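Comments concern the structure below.
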Amino acid sequence: ESGILSLASKNTGLHDERLFRELLPIDVLQGDIYWQLRDGTMEVATDALTIRNDDLSLVARMGLYLPVDAAASINLQIDVATARLDRLHTYLPAKVMSPVGVAWLDNSLKGGVITDGRVVVNGRLDQIPFDNGEGLLEVRLPVTNAVLDFNEDWSPLTGLDAQVDFTGRVMDVVSSRGSMRSAALESVHAQIKDLASPVLTLKGMVQGALPVMLAELGSSPLGIIYGGFVDRVSTTGETTLGLDIVVPLNDSQAPIEVAGDITLRGNSLKVRDSDI
């Protein structure tokens, strides 16, 4: 009816085929887990379970409730001391997410370190990710020096200091520092409102050299329209680029939507092989 399991384990693993794609390796697993059967419900809980491997270091606090005749529920809080952003996709509940969204996370989150993050899951396991507010699924991850390779046709965003948040099926990445090529990012907000049918929106301001801005314009999908212009001009000076990009990740055939503006201040622009 009740008991305590004291763990001091090494080289173990965790797998739940309802949520995860693969075995989650655990180098160190330490703490006490207790259980108690009361009024037809088995409660399994821990006040502090330390988990460490090459990807992360965290402490979990959990209450897992297993009624005899109802769905299981969980109250889980994970304090993430450190973690690798490029390995985050391994620990997401991919089995209840869109395969396209999971594939984008697999390929787009590259590099970066998470410190002092938090994960909260509160509700019935069969209702994750709580689309109708039945429970709470929150991930809050402060990230430094990250790389967001959001689309193969555009240059990646590098050196990002950002806040990466997941709330249910919503992903938000808000950055205060970073680069696109050699240009500095003033502010960037990347968002997917529904990871089950993912459409990425990316808004931001970039400050840098005009030749770098035009080179990005020419090498991106916009080069089909503007590449001839970019190839015919040489430029100098600093400028600001504002971008608003929509990438439909749920439909590989759908076009990328781009709006933006380049602000010229004290620049020169010369048409090659001419006096203009």
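The values are calculated or read from the model by the stated rules, or taken from the named source; none is laboratory data. If you're wondering where the values come from, they're calculated on a predicted model, not measured in any experiment. Neighbour counts run over all protein chains shown; Cβ positions are idealised from the backbone, glycine included. The protein model used for the area step is the full one, side chains on, heavy atoms only, and it has no ligands, DNA or RNA in it. Shrake-Rupley method; radii C 1.70, N 1.55, O 1.52, S 1.80 Å.
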Debye-sum result for region 119-186 in log10 I(q)/I(0), which assumes one identical scatterer on each alpha carbon, at q = 0.12, 0.14, 0.17, 0.27 Å⁻¹: -0.43, -0.54, -0.68, -1.08
In whole percent, the fraction of accessible protein surface over the chain that belongs to carbon or sulfur atoms, probe radius 1.4 Å, stands at 53
Could you pull out every one of the lysines with an alpha carbon less than 28 Å from that of Lys95, ignoring same-chain neighbours closer than 8 positions? Lys10, Lys110, Lys193
Partner aspartates and glutamates whose C-alpha sits under 19 Å from that of Lys270, ignoring same-chain residues fewer than 8 away, are Glu216, Asp231, Glu238
Note to self, the chain gives a 222 nm [θ] from helices alone (DSSP H runs n ≥ 4, -39500 (n - 2.57) apiece, / all residues, nearest 500) of -3000 deg cm²/dmol
Roll a 1.4 Å probe over the protein chains and send me the accessible area per residue for the chain in Å². 52
Explain nothing, just the number: dipole magnitude of the chain about its Cα centre with +1 on each Lys and Arg Cβ and -1 on each Asp and Glu Cβ, in debye rounded to the nearest 20. 480
Cβ-Cβ cut-off under 14 Å around Ser219, Lys and Arg +1, Asp and Glu -1: the net charge is -3
The chain, relative contact order in percent, only Cα pairs under 8 angstrom and at least six apart counted: 10
Which whole-Hz ³J(HN,Hα) couplings does region 55-64 yield from phi under the Karplus relation 6.51 cos²θ - 1.76 cosθ + 1.60, θ = phi - 60°, glycine and proline marked x? 8, 7, 9, 8, 10, 10, 10, 8, x, 10
Using 0.36 nm per residue, how much length does the chain from Asn107 to Asp261 gain when fully extended, once their Cα-Cα distance is taken away? 52.6 nm
Around Gln30, under 15 Å between beta carbons, what's the net of Lys plus Arg minus Asp minus Glu among the other residues? -1
Measuring from a point 7 Å past the Cα of Ser197 along Cα-to-C-beta, which residues in region 128-164 have an amide N at less than 19 Å? 129-133
By how many degrees, between 0 and 90 and to the nearest 10, does the Cα long axis of helix 99-108 differ from the longest principal axis of the chain? 60
Under 1.5 on a/c is rounded, so check that first for region 1-127, then, if it is not, pick prolate when a/b is larger than b/c and oblate when it is not; a ≥ b ≥ c are the square roots of the alpha carbon gyration tensor eigenvalues. oblate
Expressed as a rounded percentage, what relative contact order does region 45-114 have, with Cα pairs under 8 Å and six or more residues apart? 26
Rounded, prolate or oblate: which one fits region 224-274, using the alpha carbon gyration tensor with axes a ≥ b ≥ c (rounded when a/c is under 1.5, else prolate when a/b beats b/c, else oblate)? oblate
Would you please classify the overall shape of region 162-254 from the alpha carbon gyration tensor, given that a ≥ b ≥ c denote the square roots of the eigenvalues, rounded means a/c under 1.5, and beyond that prolate means a/b larger than b/c while oblate covers the rest? oblate
Label-point gap, in nm, between Gln77 and Ser9 - each point 7 angstrom along Cα→Cβ: 2.4
